[in-house]
Amino acid sequence: MKIEIKKDTLLDALNKVIKVISTKASLPILQGILFEIEKDEIRLTASDHSNTIQHRIPADGEALDIIETGKVVIPAKMFIEIVKKSKKSITLTLNNLVLSYKSGRSQMELNCLDSNEYPNLPEIDAKIPLFSLKGNQFNDCIKKTVFAASESETRPILQGVLFDIRKDSIHLISTDSHRLGSVNQKWSNQEEQQFVVPAKALDNISKSFDILQDVEVFATQQMLLLKNGQTIFYSRLLEGNYPDTSRLIPQDFKSEVTLNRTELLDSIDRIKTLASSADNNKSSIIKMHVNGVVSVSTHQTESGKGKDEVVYSNLNGEDDFTISFTGKYVIDALKALDCEEVVFKYQDSMRPFLLIPSEQKDLDEIQLILPVRTY
């Protein structure tokens, strides 16, 4: 095996696949990246057993020149640090299981692992996708839901994002029982199917995808496969039935307040700093009172108290109510909404409230948050 490759080309590929490598991998070989050198391309594969990423680099004679084929498993963490500090061009030569590295005046030898010991990729029929979205559409759907998934192992199914594929739409939902993120992308599908994908896996892979390339989605009863340009991602699906969340979303509201999203976000973020002192940065309870203006304030703490005001642009319904909530949850929700104005939909001080964009087109978004009781 011998190749000459540009530093940026190799580093980009390494950064895409290394996200799934875990320091707690059950097999030592999973601490490495599988390099497969063919006549016309290189395939880099990394896995933690549950999730696998493979990225292809086509040989073009400029960014990559393949001189001799071969395959080997290279220690991941050490190798990527070496590549980061390399010159513009890198030459890699394999002799038995010793990899010779040369870049500029630097020369090194790395002990590698036998590629035959690396686990095989899952087998999935990847001819006809279940559905396909533009890269930016797929990333938006993930961004608006993945953060609301649970981090607790008490109910493993809630650590995932539900994909509910319908004939006329693609519906993604996540919840940790205290908040919920939901997006409904209008789309024409041939099949109806439901599956739950680990949220952390989706968050990692979405950051590696090229938003200019389509994302093709394939799914079996146990495995998900995503294709994006030269990158392929495999993930085991979560087992179990996702709870019916439709009954959690209120349909009738006493008040709907339209506000500038950035102004509301900045206001809550400022007050959260003081509110955090009351509970050692755990939940940051914030009170919001609407009466002619939206007043955001803290409850009395040892550090003091604070108040901020946001002028709303429109209000339908009651103009005198108070509700308390966890500051972090509302900040996360507002950051996920890519819009100029949001609508705060209020039902009752102890019932869930919604944050939605003031205008929705092909993508319907809902951020639901449960209030907290204060005395």
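The values are calculated or read from the model by the stated rules, or taken from the named source; none is laboratory data. These numbers were taken from a predicted model, which means no experiment stands behind them. Positions of Cβ are backbone-derived with ideal geometry, glycine not excepted, and every protein chain shown enters the neighbour counts.
Laid out as a table, the results:
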{"quantity": "Matching residues, region 30-57, being over 24 Å from the mean Cα position of the chain (by Cα) and under 14 Å from F79 (Cα atoms)", "calculated": "L34, F35"}
{"quantity": "Qualifying residue in region 46-65 (condition: loosely packed, with under 13 Cβ neighbours inside 10 Å and of a type in the set (A, V, I, L, M, F, W, C))", "calculated": "no"}
{"quantity": "Hits in region 277-304 (condition: closer than 18 Å to A333 by Cβ and either modelled with pLDDT under 75 or not assigned by TED's automatic domain parsing to the domain that holds L315 (or both))", "calculated": "S283"}
{"quantity": "Set S169, S132, S100: member being of a type in the set (G, A, S), modelled with pLDDT of 95 or more and more than 13 Å from the chain's Cα centre (by Cα)", "calculated": "S100"}
{"quantity": "Of the criteria (1) buried (at least 19 other Cβ atoms within 10 Å of the Cβ); (2) assigned to a strand (DSSP E or B), which one S132 fails", "calculated": "(1)"}
{"quantity": "Selected residue [of a type in the set (D, E, K, R) and within 24 Å of L44 (Cα to Cα)] from K143, K102, K167", "calculated": "K102"}
{"quantity": "Considering residues of region 144-165 that are in a helix (DSSP H, G or I) and among the aliphatic types (A, V, I, L, M) only, the residue surrounded by the fewest Cβ atoms within 10 Å (Cβ to Cβ)", "calculated": "I157"}
{"quantity": "Lone qualifier among Y118, Y101 - being farther than 26 Å from L224 by Cβ and of a type in the set (F, W, Y)", "calculated": "Y101"}
{"quantity": "1 or more residues among the aromatic types (F, W, Y), modelled with pLDDT of 95 or more and surrounded by 15 or more Cβ atoms within 10 Å (Cβ to Cβ): qualifying strands (runs of 3 or more DSSP E) within region 324-375", "calculated": "341-346, 353-357"}
